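These notes concern the structure reproduced below.
No lab work stands behind these numbers, since they all come straight from the coordinates. A quick note: this is a predicted structure, and the numbers were derived from the prediction, not measured.
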Amino acid sequence: MRPVLWYLVLVGLPVAAMVGILRLGERLVPPRAAHGQYSIAFDSAGSGHCVLALVADEERRLSIAQSGPKLDVTLGAVELFGVVDGERLYAAAPTKDNALLRAASCLTVDTIALSAALPAKELADTHLVGSFLFPGCATCPSVPFRATRLPDRERGR
């Protein structure tokens, strides 16, 4: 009788715990995928010194690294950190050391923010549509952009 009790404790309880964990995990929904390399195009209305403060003409690539809902977004020399929240992507970075923004007369800006919508699931791997925001800078309104995900063969370039 004693070996049966030990068997139930040492085998039965871990098996019951594993089944419970798997049942709870069935309800989890993973965050939308947004990672990858993107070619970025800014709206013509948002051109000028604000765009140049973000990135030079020859560096128009947006790179997104994702771990769960957390994001690391790189555009030129600007690194933003953020999250995927449902159908939206948010990221921000402090601008204390950004000399380009100071040159653009945006001395009051302390943050660059990115807000983008993730399109329908079938297009989510190919496009991002959103804006870069410069809170507190009257000379830099939001800069709309459209980013197209690069195919695997072009990502390494």
Residue-wise HN-Hα coupling along the range 68-81, computed from phi with Karplus coefficients 6.51, -1.76, 1.60 (Hz; x: Gly, Pro): x, x, 8, 10, 10, 10, 10, 9, x, 9, 8, 10, 10, 10
Extended-chain gain in nm, criterion 0.36 nm per residue less alpha-carbon gap, L28 and M1: 5.7 nm
